[in-house]
Amino acid sequence: LERVRRALREMKSLYAKTGDENVKPQTATYNYAMKALDRHMMGVSNVAAGGGRDADTRAVAEIALEIQQLLEEMLSNYDVGRGDLDCKPDISTFMSVVNAWIKCGSDVFPEAPCATEAEAFLKQWQQLYEKTGDNDFRPSSASYMIIIEAWSKRSRFDSVAAKKAEELLHHAEHLSATNKNPDLALNVHAYTSVINAWSRSRDYNKAKRALKILRYMNDKYKETKDEMIRPNMWTYNSAINACAMCQGDSTQQGEALKISFAILKAIKASKKEVANHVTYGTLLKAANNLLPPGAERDAILKAIFENAKKDGQVESGILLQLRNGAGAETFHAITENKITLIEGGGPPTNAARTNGRGRNRPVTTVDEEKIPMEWRKALIMKKEDNGKSKLWEK
């Protein structure tokens, strides 16, 4: 990295003294230097992830700032040269800055300014485009989606992150609608990222917020017929998960459960999507999380399982969720004594290892080969269609 920095300094100094075009730093030169800094940032993050004490938030933030300063230097040289194409930033240059700030806010450095700085830079980038009208300076849809995703990931520990993600989504829509960035088009991934942001947050009204976005997407799709924003199963399942993760009072949790079933109803009414094993597994999780143990929960668990069974979507995750919520006797009654549970039949999960609770407590597993074929027919068909095998498709 130091060799790259020294080489860039020497090139700039020599060009300033001689005017020799052969040593003039150009766009490719700056982009290469940015990539070198980016690789170094990844190394710092890896050291920190391994417990190194010499890597901290300040270090990665300083690297991100250095990458942004290189862009600012390019813009200054370009302006001085009155359109000197040799050092004109391109989309790769701008995205290097966005990605640098995003990487700076990884799980290793959750307190880093990442999304805040990335969004601040994005606004400067948009202002530059509006000022110059130069399409080479136009922020891309990808830049907005990357920052929305960054806010989404921060929502686990940042109380304003979910709100920021949604605000940026609607700001991008406004820019497109007012022709300030007419080609800006966010797809289903961006909208689903916002739903996931609310799901990860501690907001007690997350279920309603997720439903609001889902309805907005459906309404917009009906109006425009734009396939890019049509909710897919990832979107629906993410909205159900927001319901399952509701931590409010009993009234709020009851509303969240109702919303989760309303979403299932919307899936079944859809002509383009089909509820899958993730849908039913998440619904079971919602019932387990939102209802106290008892007859009502057992009845709802049974109804969900019967739907999964009818659709041929039963796999081990669904059975384990069912077992988590129902007692052993109820579980065997619902599954007609056709499922073999292997108590302590597997190693602790990664999550259990991470929080230290599962070191000496093996998890319960399911003998998947004993799941009746009729119960998992859709997963088998999917496996045959794809021509490949995955654990959840067995």
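Worth pointing out:
- Scope segment 141-153; condition more than 15 Å from HIS171 (Cβ to Cβ) and either free of Cβ contacts under 8 Å to residues at least 24 places away in the same chain or open to solvent by 30 Å² or more (accessible area, probe 1.4 Å) (or both); matching residues: ALA142, GLU149, LYS153
- Residues (of a type in the set (A, V, I, L, M, F, W, C) and open to solvent by 50 Å² or more (accessible area, probe 1.4 Å)) located in segment 321-335: ALA333
- If you go through segment 309-320 and keep only what is assigned to a loop (DSSP other than H, G, I, E, B) and surrounded by 21 or more Cβ atoms within 10 Å (Cβ to Cβ), you end up with GLN313, VAL314, GLU315.
The values are calculated or read from the model by the stated rules, or taken from the named source; none is laboratory data. Quantities reported herein were computed from a predicted structural model and do not represent experimental measurements. Note that each Cβ is placed from the backbone with ideal geometry, even for glycine, and that neighbours are counted across all protein chains shown. To get the accessible areas, we keep the full protein, side chains included, count just its heavy atoms, and leave off ligands, DNA and RNA. Shrake-Rupley method; radii C 1.70, N 1.55, O 1.52, S 1.80 Å.
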